[in-house]
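All remarks here apply to the structure that follows.
The values are calculated or read from the model by the stated rules, or taken from the named source; none is laboratory data. These numbers come from a predicted model, not from an experiment. Glycine gets a Cβ as well: all are built from the backbone with ideal geometry, and neighbour counts include every protein chain shown. Accessible surface areas use protein heavy atoms only, side chains included; no ligands, DNA or RNA. Shrake-Rupley method; radii C 1.70, N 1.55, O 1.52, S 1.80 Å.
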Amino acid sequence: MTDTPIITDSHCHLDFPDFDGELPDVIARATQAGVTRMVTICTKLKNEPAVRAIAQAHAPVFYAAGTHPMSVATEPMATVEQLLRIAQHPKMVGIGETGLDYHYTAESAEAQQTSLRIHIAAARETGLPLIIHSRDADDDMARILREEHDNGAYSCVMHCFSSSAALGRAALDLGFYLSMSGITAFPKSGDLRDIFANAPLDRVLVETDSPYLAPPPYRGRRNEPAYTAHTARRAAETFGMGYADFAAQTQANFDRLFSKVKAYEAAA
């Protein structure tokens, strides 16, 4: 274990039923693979107590909370005050995931934009990073991120980034981060790898988005945090780096963006 590079799964969904009854084993496998921290994401605020309980029960797990854009039409609209209250928990370390998804839920685009701006306001006020989901909404996403940044700075990660180079550049120009998921390890994802290869190395994170998007050699199976190591090894090749050096860089990047995690660990 001491020779295994340490990395963080910056985005997973441990409360999903895919992991029912298996969390201790899933977390143990992650730790064995060098994935010693995980951020599990609450996508509906009514589920926040259950997600919080997972973080409280497992030392390597932290959490974030928000309303996923695909749920905006069917869930109560979040409020800034609600998000600020949740953010008081010491292991709650990010706002979201929020964002825009016009692929499946374009009919709720206006409500999604309202929700996104609410989450941005909460990120700005708490100082916690915003966690963005974006699909088939590049122009609106870039516009809103810029408009809101002009209203006051905030930090942000484009989770599971697989959008256009233009949106990637817009996010990077605002000082935001891009996160590499298992998609970046797929054989036909050369164009996406090129976007990352041209990004500043100090603005890159890694994640699983488990239980989805397992990287090779597990593609098509349930993803889990341990597989962050497979994505990160392929990512190291994209940057022409050794795995240990890439892992250390992404750790430094995560600590910088998710500074509340580092503060929690220092106080523990």
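Just a few scattered comments:
- Taken residue by residue, the stretch 36-46 has no member that is farther than 21 Å from Ala123 by Cβ and outside any strand (DSSP E or B).
- Qualifying residues in the stretch 85-144 (those that are within 20 Å of Asp9 (Cβ to Cβ) and among the hydrophobic types (A, V, I, L, M, F, W, C)) - the one surrounded by the most Cβ atoms within 10 Å (Cβ to Cβ): Ile95
- Where a residue in the stretch 44-65 is buried (at least 24 other Cβ atoms within 10 Å of the Cβ) and its partner, wherever it lies, is acidic (Asp, Glu) and part of a helix (DSSP H, G or I), with Cβ under 6 Å and at least six apart: Ala65/Glu48
- Taking the stretch 123-236 and the helices (runs of 4 or more DSSP H) fully enclosed by it, the elements with 2 or more residues that are closer than 22 Å to Lys260 by Cβ are at 138-151.
- Selection from the stretch 99-122 of residues that are in a helix (DSSP H, G or I) and either of a type in the set (Val, Ile, Thr) or under 15 Å from the mean Cα position of the chain (by Cα) (or both): Thr114, Ile118, His119, Ile120
- The residue that is most open to solvent (accessible area, probe 1.4 Å), among those in the stretch 1-15 that are within 23 Å of Phe258 (Cα to Cα) and outside any strand (DSSP E or B), is Ile6.
- Of all residues in the stretch 224-256 being surrounded by fewer than 20 Cβ atoms within 10 Å (Cβ to Cβ) and in contact (Cβ under 8 Å) with a residue 60 or more places away in the chain, the one that is nearest to Ile131 (Cα to Cα): Gln251
- The single residue among Thr67, Thr74 that is closer than 24 Å to Tyr104 by Cβ, at pLDDT 95 or above, assigned to a loop (DSSP other than H, G, I, E, B) and more than 19 Å from the chain's Cα centre (by Cα) turns out to be Thr74.
- Of all residues assigned to the stretch 184-203, at least one qualifies as being over 23 Å from Pro24 (Cβ atoms), buried (at least 22 other Cβ atoms within 10 Å of the Cβ), of a type in the set (S, T, N, Q) and within 16 Å of the chain's Cα centre (by Cα).
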